[in-house]
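Notes to accompany the following structure.
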Amino acid sequence: MPTRDLQVTAGTDDARNAAGNGAFNATVTTQHLGLNAGVDYWAGLRFVNVAVPQGAVIRSASLDLYSSGVAAGTSAPVVFHGEKSANPATFSNTTAGKPEGRARTTAAVTKTFDPARWNPEIGFGIDVVDVTPLVQEIVNQPAFASGNAIALVGHNNGAADNNYIGFNTHDFTGNLRGAKLTITYGSTTPPPTGVGAVQDGGTIAVSWTDGSTTETGYEVGRRRGDGGWHLRATLPAGATGWTDTDVAAGYTYTYRVRPLLPGGPSDWLSSSAVTTTGTKAWTAWIEAWLFPGPPAEDADEEYRDGRVIHVLKPEYHRVEDDGTMSVRSEEELGENGYSPANAADVRAHSDEQYDTVSCGDFGMIAMLDSPAKRAAAISTLVDFCVDSGFTGVCVDFERFGTWTAAVHGDYKAWLRTLGTALHDEGKKLQICGPPITNEDEQNRYEWAYEDFATTTEVDRVVMMLYDYQYDEGVGQSVQPAQWARNGCAWLLARIPDVDRIGVGLPNYGYHGPIGTYEITPDTKDASLTHPGHTTATRNADGEMTWTNGDDDNTYVYQDSAGINTKRELIEDEGIKHISVWHLGGNDWFTGRAEMTWPDGE
């Protein structure tokens, strides 16, 4: 909902007069509210250019005053009114121009101030006054229009003598301390009525009765199961229905609708839930990373065992610390490293294949700093995809917290060149990004997902939404459930095209001493060799965990039930591509059929 932040911006827009049409002052630097030496001062505040439409529903309106450090007594009740004018004039030294002489709203609010909280000077926000009903009555006036002014007046409401508070005016230091008014508003008309949703074969028909004659369009939102709400359609004015064709059997869907209005969107109105008939199947394409050597040597046995994995992403290349590209060969690193036979086997057991390229602590910067090494890396990766018949490249450069703005800029420029070269050969480019679920996490990185929302050279961006324990310490889940929901929402808000994004799902565990960050990753097979594993219980995030008192270690691992829960959560958030870290030594998804890769892909 729109919010308007307003402030007194002129000396005559905050003024006072003594009760009884007494002395007027528009240049005083401190206003008093209450009763000071027997004088009841009427305080007036005027806010201009109020960009709120006539008739808008005021969700909240709050008045915020700056403590001047002048106050006395123990209780100062004050009554506030709005000026009942569609566009009030600034205050002046006439009977009608003084605060006391203004026509007042029927609505009134009383605020009892505690002078002890106002002395000494503290600043804004000591006591915020809720003036919502006053502003609502003002904007409801037929002659009110967006851009007009709003005025408020306040005076003593029964305070004993010498019970008052003082606040600074615009004349003291200008906008630094002038009174503030914050208004949040919604629709000018009610939401639609009668929102309904009915399954019609393989679709769901959503309908509603138009509750507005002034809408510019409609929005339809949807949630699946316990997932979050996601915008599904934006429709023209006058629409009364929409058909959802992206539904799956056996799931519960709820819809909500709101009109878009000149003053902002209306409230949402939700339908009842609809559960589609049929047997549940998984609704996202599954990708899986595999890497050479221990502890995941049996990854190849897993992708050959009949499970459906749409995309395999073996780590066949690495940028070394000197910026040169090396091959992660089977001969050097063990099973699942690169060999022509292994690459052919990966192709035979997947619909798409991406050569994953990683880097060491300094390799990316060394490569990006050298035009020759940048070009050589691109040539190596493109030639490999062409020669091996792979679909494309997955760039997995990490240590995001160490990147400077310059490094991130060089990285994006290199990706554009790599993506163009791959596309010229009919190949694709994936990239991996850090887990970001809120502003605090975003502030850790130069990386920003919105940078890739329209970058055509990058075909898919995968958020590696796991490793929570590395930031929060031993004992934490690898992927907390609400954190995962927040990450999906963050990604979708910045790259809404679900075909261009993916989310990582953890299929690994770890152990370490309680209260530390000394973390050792484990496969499930390894976890079940640790002491105390038979006492493991499932936590709220679906992960198996236990603490061994003998070594003061906490252990965490994933099993089929847990990763099933994680996958359904991510799919409920609308994600269509899920990338699993990692194959080898871990359980797999159970209980539902996988989607069939479409013809022609």
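Tabulated results
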read-out: Pairs where the first residue, in the range 9-31, is without any contact (Cβ under 8 Å) to a residue 40 or more places away in the chain and the second is among the basic types (Lys, Arg), C-beta under 6 Å, 6+ apart; value: 25/16
read-out: Filtered residue count, the range 370-402, keeping only those that are crowded, with 20+ Cβ neighbours inside 10 Å and modelled with pLDDT under 95; value: 0
read-out: Tally of residues being under 20 Å from residue 86 (Cα atoms) and either at pLDDT below 90 or out of contact with any helix residue (DSSP H, G or I) (no Cβ under 7 Å at 6 or more places or on another chain) (or both) across the range 10-44; value: 1
read-out: Residue in the range 240-259 that is farther than 24 Å from residue 280 by Cβ, out of contact with any Pro (no Cβ under 7 Å at 6 or more places or on another chain) and among the aliphatic types (A, V, I, L, M) present; value: no
read-out: The range 159-180: number of residues that are assigned to a loop (DSSP other than H, G, I, E, B) and surrounded by fewer than 23 Cβ atoms within 10 Å (Cβ to Cβ); value: 3
read-out: Residues located in the range 132-158, provided they are in a helix (DSSP H, G or I) and among the aliphatic types (A, V, I, L, M); value: 134, 135, 138, 139
read-out: Residue 283 vs. criteria at pLDDT 90 or above and buried (at least 18 other Cβ atoms within 10 Å of the Cβ); value: yes
read-out: Among residues of the range 192-215, those that are exposed (fewer than 14 other Cβ atoms within 10 Å of the Cβ) and hydrophobic (A, V, I, L, M, F, W, C), counted; value: 1
read-out: Test result for residue 559, acidic (Asp, Glu) and more than 23 Å from residue 290 (Cβ to Cβ); value: no
read-out: In the range 350-369, the residues that are buried (at least 18 other Cβ atoms within 10 Å of the Cβ) and either aromatic (Phe, Trp, Tyr) or more than 36 Å from the chain's Cα centre (by Cα) (or both); value: 354
read-out: Pair list, Cβ under 6 Å, 6 or more apart: the range 362-390 residue in contact (Cβ under 8 Å) with a residue 60 or more places away in the chain, other residue crowded, with 17+ Cβ neighbours inside 10 Å and part of a helix (DSSP H, G or I); value: none
read-out: Entirely in the range 1-88, the strands (runs of 3 or more DSSP E) that have 2 or more residues that are in contact with a Gly (Cβ under 9 Å, 6 or more places away or on another chain) and either surrounded by 19 or more Cβ atoms within 10 Å (Cβ to Cβ) or small (Gly, Ala, Ser) (or both); value: 14-18, 30-35, 41-50, 58-64, 67-72, 76-83
read-out: Of all residues making up the range 568-593, the number that are crowded, with 21+ Cβ neighbours inside 10 Å and in a helix (DSSP H, G or I); value: 4
read-out: Residue identified as without any contact (Cβ under 8 Å) to a residue 60 or more places away in the chain, outside the structural domain of residue 303 (by TED's automatic domain parsing) and in a helix (DSSP H, G or I) among 596, 534; value: 534
read-out: Of all residues making up the range 431-454, the number that are part of a loop (DSSP other than H, G, I, E, B) and closer than 16 Å to residue 419 by Cα; value: 2
read-out: Positions within the range 137-147 being under 17 Å from residue 45 (Cβ atoms) and surrounded by fewer than 21 Cβ atoms within 10 Å (Cβ to Cβ), in sequence order; value: 137
read-out: Single unsatisfied condition, residue 218 versus (1) loosely packed, with under 15 Cβ neighbours inside 10 Å; (2) in a strand (DSSP E or B); (3) at pLDDT below 95; value: (1)
read-out: Residue under evaluation residue 497, criteria (1) charged (D, E, K, R); (2) more than 18 Å from residue 395 (Cα to Cα); (3) touching a strand residue (DSSP E or B) at 6+ places or on another chain (Cβ under 8 Å); (4) surrounded by fewer than 18 Cβ atoms within 10 Å (Cβ to Cβ), criterion not met; value: (3)
read-out: Subset of the range 70-104 [in contact with a helix residue (DSSP H, G or I) (Cβ under 6 Å, 6 or more places away or on another chain) and either at pLDDT 95 or above or more than 18 Å from residue 157 (Cα to Cα) (or both)]; value: 82, 90, 91, 95
read-out: Test: residue 229 is of a type outside the set (Gly, Ala, Ser) and either touching a residue at least 40 places away in the same chain (Cβ under 8 Å) or in the same structural domain as residue 566 (by TED's automatic domain parsing) (or both); value: no
read-out: Pick from the range 1-32, criterion of a type in the set (Gly, Ala, Ser) and within 20 Å of residue 64 (Cα to Cα), ranking: nearest to the chain's Cα centre (by Cα); value: 10
read-out: Residue match in the range 495-506 (condition: more than 30 Å from residue 231 (Cβ to Cβ) and more than 20 Å from the chain's Cα centre (by Cα)); value: no
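Rundown of residues vs (1) of a type outside the set (Asp, Glu); (2) at pLDDT below 95; (3) over 28 Å from the mean Cα position of the chain (by Cα); (4) closer than 30 Å to residue 587 by Cα, yes/no style:
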| residue | (1), (2), (3), (4) |
| --- | --- |
| 254 | yes, no, no, no |
| 259 | yes, yes, no, no |
| 299 | yes, no, yes, yes |
| 304 | yes, no, yes, yes |
| 317 | yes, no, yes, yes |
| 345 | no, no, yes, yes |
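The values are calculated or read from the model by the stated rules, or taken from the named source; none is laboratory data. Because the structure is predicted, anything quoted here is derived from the model rather than measured. Cβ atoms come from the backbone with ideal geometry, glycine included; neighbour counts cover every protein chain shown.
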